[in-house]
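Beneath this line is the structure, given in structure tokens, with notes to follow.
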Amino acid sequence: MSGRRAATALALAGALVAALAALPLVYLVIRSAGADADAWETLLRFRTLELVGRTLALVGTVTAAALGIGVTLAWLVVRTDLPARRLVAVAAALPLVIPSYVVALALIAAVGPGGLLGQGNWIFGFPGAWTALTLATYPYVYLLCAAALRRADPALEEAARALGRTRAQVFRQVTLPVMRPSASAAAVLVALYTLSDFGVVSLMRFDALTRAIFTQYRTLFDRTPAALLGLLLVVLTIGVLALEARGRGRGRVVRAGAGAARPATITPLGRWRAPAAAAVGCVLAAAFAMPVATLVGWALRPSAEAPGAGDLLAWATNSVLISAAAAVVAILAALPLATLVARRPGRLSRGLERATFASNALPGIVVALSLVFFATRTVTPLYQTLPLLVFAYVVRFLPQALSGARDALGRVSPELEQAARGLGAGPARTFQRVTFPLLLPGLYAGATLVFLSTMKELPATLLLRPIGYDTLATQVWSATGTSSYAAAAPPALALIALSAPVVYALQVHLEQRTVASADI
Amino acid sequence: MTRLLALLAVLLVVVLTGCGTDDKSSPSSGAASSSASDKGDGTLTIYSGRSEDLVGPLLDTFEKQSGIEVKVRYGESAELAATIAEEGENSPAEVFFSQDAGALGAVAEAGLLAQVNSGQVDRRWVGADERWVGTSGRARVVAYSTERVKKTDLPDTIFDFTQPEWKGRIALAPTNASFQAFVSAMRLSAGDKRTQAWLEGIKANDPTLLDGNSDVVKAINSGEVDVGLVNHYYVYELEAETPGLKVANHFLKSGDPGSLVNVAGVGALKTGDAGESARLVTFLLSDEAQAYFAEKTFEYPLTGLTQPPDRLPPLTDLQGPAIELGELGEALPETTRLIDEVGLGA
């Protein structure tokens, strides 16, 4: 295959993936095409500007807080003498396995009306939505930033120190820039999560755009206003992505050589050691221990409705199989697009990439309904089968796979590939021997994120699964629907227990790669 | 590395085809097979907004009695209604079993429902042109503490709960669909102005805002509040769990929005098999099914042939506000906006 033909094939594959992932957008455009004066008026009545303002305020503050917590944690764990840092390294990522609405429920149980630790309605509205979403999303930042720090050549920081920079200066001028591309990619994931979240804002009664969209869908007499609000969400997404492009910066951090494979210098925390440990403990308690304790409390309530072990096993099997399938397909789909973006940057590739991000910012119900719309009109035999369900997950979570792949590709020095080509290797062989091994950690990270998101996914699962294909997430929903928290707890705990080892494996994998990268 | 790729590919194939084979071997999980091709072949596909816990056993009974194989997709009523609307002519659904009348009204409005035989059910609980029929009813009530409130002190209209004597004594669940339906009913019967004034009056009385109706009844029992705005059956559900519950229901006067009776109901899709759908509708209105609702879910039977649960006033005494139940869905966005604006939503 010649270079030119390979490039064309790559562009075509990327375009195809982007087109499929943008189906929800097409659906929104079709649905809003019939917008008449009435629909626009409904939009105005919704105090749309206020909704947009509230949504942006939430997205901005959640992203800022998640960045603050995630970056700090990553630095503490990788570069300081924080007590029990190996344990913290794993625990800090664990909240990723807890559905955000469970975090919200636990917060309400703890400090809401009749709560265990306090009372009152103050938690409802912005404070609760902000807290729950920050706790649920900071692990994205932590994971990607910790990985970036581990990969970074310690020589950079050492050189800066040797040249007379203070520790604070090194942190600001070297450490932060090293994390910047990863932090920026993670910030997008956090922002999109917050934009698309419905569970938390509805439990916390915070009037965000998604809540307005859901209320519109619940009436159904006219789906146009919901579609218009959805498009508005897409516009906000484009804004977020434009900001990210700036945040990422023009710089490129690649390791030209393997460098020395040795641990980085550890910054002693001194008298800050205890306060830092306490702060980390508080975050982990609120983000992980509290939700799990709430669930265990529910599970211990006497109830005749607790599911049997056989049922749990069947649901768990379904959850794991479908999530693994979604993770694999998402990574395969992300590869051509990520390569295109990283190797042939330009208007086209950027546009294609952004189209896929838009779907991720839409609430699950919009993505699900758009696929209902297209599937029943084009691929009827596939409707409500597992392949279509996997496809729905890929459409929803492709950006997570993409961020992993792109992050990794950004670090593969093109010079290495050029050297391989110069030594006579064809494009395929270069990819197989040089690019792919370097990509693997990023792909693995992306696949893991998709896997975890799919385990928790609900709206698309409910509408697009084959009848009778029960998963852990659908059973949690089914039990909470009849306010039977005792019956909801076992599948929710199983979901967490099954996802936790995956996060652990990812952590270990990322750590090992740091050392192994020296061999490449 | 190549091995890893191969492994992933194999895993993928196993998952997709393996589960596909499952579909064929176990009839209850068939998916593609529930498309238009098998209408009238002895299977009936139901989209149910009522939960599996609640109606699963009843649908099993129907399956046994009729010999018709039943496939049920469970979900939220409104989302299932939206799905049916998007599916249009290609909908695999044959029957829509909804938690509330609003979602049925919406699907009927979209022209997707065929006529059903509403039998003995009062016209109040039948959709326009018999496009859907109510299967069981629930009344809005004021639950009150039998320890701290005298029944004779309770007003007979919901509008009087804005009086200062109720300050700090009321609980409600403002994000609950049943509360929102009740406020919609107030708007449709008493107008937006009066509704807004009522919401503001309640807000001024410093109500305790809770997540769900059962939490409201629990808060009354624990002494946190004295009265709560809920559906009638929550008191009975909690009584079954907590013997000696000190909470009772107070029914408001006829015509008052506070005495709204909303229904769960069923509609037959035009795309489905008319004969099989009709059999299910008939079954849900049979004495057996109506008694099931009265005994298991403490709801009102609607055919007039089955006794309501003990202690409930007869349905004929509950003349709620003069509104069309099917219109409640359409009123919803404005209702939630009003609730939020007053400050009860957030």
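The values are calculated or read from the model by the stated rules, or taken from the named source; none is laboratory data. Please read all numbers here as calculations on a predicted model, not as lab measurements. Here Cβ is always computed from backbone atoms with ideal geometry, including for glycine, and neighbour counts include all displayed protein chains. Note: areas computed on protein heavy atoms with side chains; ligands, DNA, RNA excluded. Shrake-Rupley method; radii C 1.70, N 1.55, O 1.52, S 1.80 Å.
Mind checking the mean number of beta-carbon atoms from other chains within 10 Å of the Cβ atoms in B:167-180?
On the way: counts 0, 0, 0, 0, 1, 0, 0, 2, 6, 0, 1, 0, 0, 2.
That works out to 1 on average.
Under the classification rounded if a/c is under 1.5, otherwise prolate if a/b is larger than b/c and oblate if not, where does the stretch A:49-149 fall, given a ≥ b ≥ c as square roots of the Cα gyration tensor eigenvalues?
oblate
Using the Kirkwood radius over C-alpha pairs as Rh, can you work out the diffusion coefficient of the stretch B:193-331 via Stokes-Einstein at 37 °C, viscosity 0.692 mPa s, in µm² per second?
The Stokes-Einstein estimate is 186 µm²/s.
As a test of reading the structure, rank B:R73, A:R377 by solvent-accessible area (1.4 Å probe, protein chains only), most first.
Solvent-accessible surface, decreasing: A:R377, B:R73.
Which is farthest toward the positive dipole end of the protein assembly as shown among A:Q169, A:A89, B:N231, measuring Cα position about the Cα centre, with Cβ charges +1 (Lys, Arg) and -1 (Asp, Glu)?
The one lying farthest along the dipole's positive direction is A:Q169.
Considering only DSSP beta bridges whose two residues both sit in the protein assembly as shown, what percent are antiparallel, to the nearest 5? Each step should come with its number before you reach the end.
On the way: 24 of 38 bridges.
Within the protein assembly as shown, antiparallel bridges account for around 65 percent of the total.
Could you report the accessible area of B:L113 in Å², rounded to 10, computed with a 1.4 Å probe on the protein chains as they sit in the structure?
0
Show the residues, 5+ positions off or on another chain, whose built amide H is closer than 5 Å to the amide H of B:R73.
Answer set, sorted by chain and number: B:I46, B:Y47, B:S48.
Which value, in debye to the nearest 20, gives the size of the charge dipole of the stretch B:116-164 about its Cα centre, when Lys and Arg are +1 and Asp and Glu are -1 at the Cβ? If you can, show how the numbers build up before the last one.
Numbers: 8 positive and 7 negative charges, 23 e Å.
Once rounded to the nearest 20, the dipole reads 120 debye.
Round to a whole number: what % of the accessible area of the protein assembly as shown belongs to carbon and sulfur, probe 1.4 Å?
Here carbon and sulfur together make up 60 percent of the probe-accessible area.
Given the alpha-carbon gyration tensor of chain A, what are the semi-axes of its equivalent ellipsoid in whole angstrom, ordered largest first, with each equal to the square root of 5 times an eigenvalue?
35, 30, 23
What net charge do the residues around A:S370 carry, taking every other residue with its C-beta under 10 Å from that of A:S370, with Lys and Arg at +1 and Asp and Glu at -1? Don't jump to the answer; show the numbers that get you there.
Numbers: positive: A:R31; negative: B:E86.
Around A:S370, the charge tally is 0.
Compute for chains A and B the buried accessible surface, both sides summed, probe 1.4 Å, and express it in Å² to the nearest 100.
Heavy-atom accessible area buried at this interface is about 5200 Å².
Students sometimes get this wrong: rank B:K193, B:K203 by accessible area, probe 1.4 Å, all chains present, largest first. Numbers along the way, then the final one.
Numbers: B:K193 180, B:K203 90 Å².
Reading off the accessible areas and sorting them downward yields B:K193, B:K203.
Report, ordered by chain and residue number, the aspartates and glutamates lying within cross-link reach of B:K246, taken as a straight Cα distance under 20 Å and ignoring same-chain residues fewer than 8 apart.
Filter leaves B:E147, B:D153, B:D215, B:E224, B:D226, B:E237, B:D310.
Ranked by accessible surface with a 1.4 Å probe, highest first, in what order do A:L149, A:L56 come?
A:L56, A:L149
Once you sort the root eigenvalues of the Cα gyration tensor of the stretch A:282-376 as a ≥ b ≥ c, which label holds: rounded (a/c under 1.5), prolate (a/b larger than b/c) or oblate (the other case)?
Prolate is the answer for the stretch A:282-376, as a/c is 1.5 or above and a/b outweighs b/c.
Relative to the longest principal axis of chain B, what angle (0 to 90°, nearest 10) does the C-alpha long axis of helix B:2-25 take?
80
Net charge near A:T166: determine it from the other residues with C-beta under 13 Å of the C-beta of A:T166, scoring Lys and Arg +1 and Asp and Glu -1.
Once positives and negatives cancel, what remains is +3.
Skipping prolines and chain starts, which residues have an amide H placed within reach, meaning under 5 Å, of the one on B:Q319, given they are 5 or more residues away or on another chain?
Answer set, sorted by chain and number: B:S254, B:G255.
Can you compute 3J(HN,Hα) from phi for each residue in the stretch A:443-455, using the Karplus curve 6.51 cos²θ - 1.76 cosθ + 1.60 with θ = phi - 60°, rounded to whole Hz and x for Gly and Pro?
4, 4, 4, x, 4, 5, 4, 5, 4, 5, 5, 5, 3
Using the Karplus equation 6.51 cos²θ - 1.76 cosθ + 1.60 (θ = phi - 60°), what ³J(HN,Hα) coupling, rounded to whole Hz, does each residue of the stretch A:199-206 give in order, writing x for Gly and Pro?
x, 5, 5, 6, 5, 8, 6, 9
Looking only at other chains, what is the average number of their beta-carbon atoms within 10 angstrom of each beta-carbon in A:460-471?
Mean inter-chain Cβ contacts per residue within 10 Å come to 6.
Over all pairs of distinct alpha carbons, what does the Kirkwood formula give as the hydrodynamic radius of the stretch A:348-480, in Å?
About 17.0 Å, per the Kirkwood formula over Cα pairs.
Per residue, how much accessible area does the stretch A:296-418 show when a 1.4 Å probe rolls over the protein heavy atoms, in square angstrom?
The answer is 35 Å² per residue.
About its Cα centre, how strong a charge dipole does chain A have in debye, to the nearest 20, once Lys and Arg get +1 and Asp and Glu get -1 at the Cβ? Walk me through the numbers before you get to the answer.
Details: 44 positive and 22 negative charges, 344 e Å.
Around 1660 debye, computed over chain A.
What's the FRET efficiency of A:E41 with B:E200 using the Cβ-Cβ distance as r and R₀ = 25 Å, to the nearest 0.05?
In this case the efficiency is close to 0.50.
Could you point to the residue in B:I220, B:G201, B:T242 farthest towards the positive end of the stretch B:188-266's charge dipole, with +1 and -1 charges on the Cβ of Lys/Arg and Asp/Glu respectively?
The listed residue farthest towards the positive side: B:G201.
Mind grabbing the accessible area of B:V217 for me, 1.4 Å probe, Å², rounded to tens?
Counting only protein heavy atoms, B:V217 exposes about 0 Å² to solvent.
Quick one: angle between helix B:287-296 and the longest Cα principal axis of chain B, in degrees between 0 and 90, rounded to 10, please.
Roughly 60 degrees, rounded to the nearest 10.
Averaged over peptide B:81-93, how many Cβ atoms belonging to another chain are found within 10 Å of each residue's Cβ?
Mean partner shielding for this stretch: 6.
Need one number: % antiparallel among DSSP beta bridges in chain B, to the nearest 5.
65
Using every Cα-Cα pair within chain B, state what percent have a distance larger than 37 Å.
Looking at chain B, the distances longer than 37 Å represent 26 percent of pairs.
Towards the positive end of the charge dipole of the stretch A:63-179, with charges on Cβ (+1 Lys, Arg; -1 Asp, Glu), say which of A:T80, A:G68, A:V111 has the farthest Cα.
The residue sitting most towards the positive pole is A:T80.
Give me the accessible area of B:S222, 1.4 Å probe, in Å² rounded to the nearest 10.
Accessible area of B:S222: about 90 Å².
What number, rounded to the nearest 500 deg cm²/dmol, is the helix-based mean residue ellipticity at 222 nm of chain A, given -39500 (n - 2.57) per DSSP H run of at least four residues and division by all its residues?
My calculation for chain A gives -24500 deg cm²/dmol from helical runs alone.
Relative contact order of chain B, please, whole-number percent, based on alpha carbon pairs below 8 angstrom and at least 6 residues apart.
24
In a shell of Cβ-Cβ distance under 13 Å around A:Y27, excluding A:Y27 itself, what net charge do Lys and Arg (+1) and Asp and Glu (-1) give?
With Lys, Arg at +1 and Asp, Glu at -1, the neighbours total +2.
If the limit is 21 Å between Cα atoms, which of B:K64/B:K296; A:K456/B:K296; A:K456/B:K218; B:K150/B:K218 go over it?
A:K456/B:K296; A:K456/B:K218, as the Cα separations exceed 21 Å there.
Which value, in debye to the nearest 20, describes the size of the charge dipole of the stretch A:348-452 about its Cα centre when Lys and Arg Cβ atoms bear +1, Asp and Glu Cβ atoms bear -1, and nothing else is charged? Display every interim value, and only then the final one.
On the way: 9 positive and 4 negative charges, 23 e Å.
Dipole size: approximately 120 debye.
Quick one: 3J(HN,Hα) in Hz for the stretch A:380-396, Karplus 6.51/-1.76/1.60 with θ = phi - 60°, rounded, Gly and Pro as x.
So the Karplus estimates, Gly and Pro as x, are 3, x, 8, 4, 6, 10, 4, x, 5, 5, 4, 4, 4, 4, 4, 4, 5 Hz.
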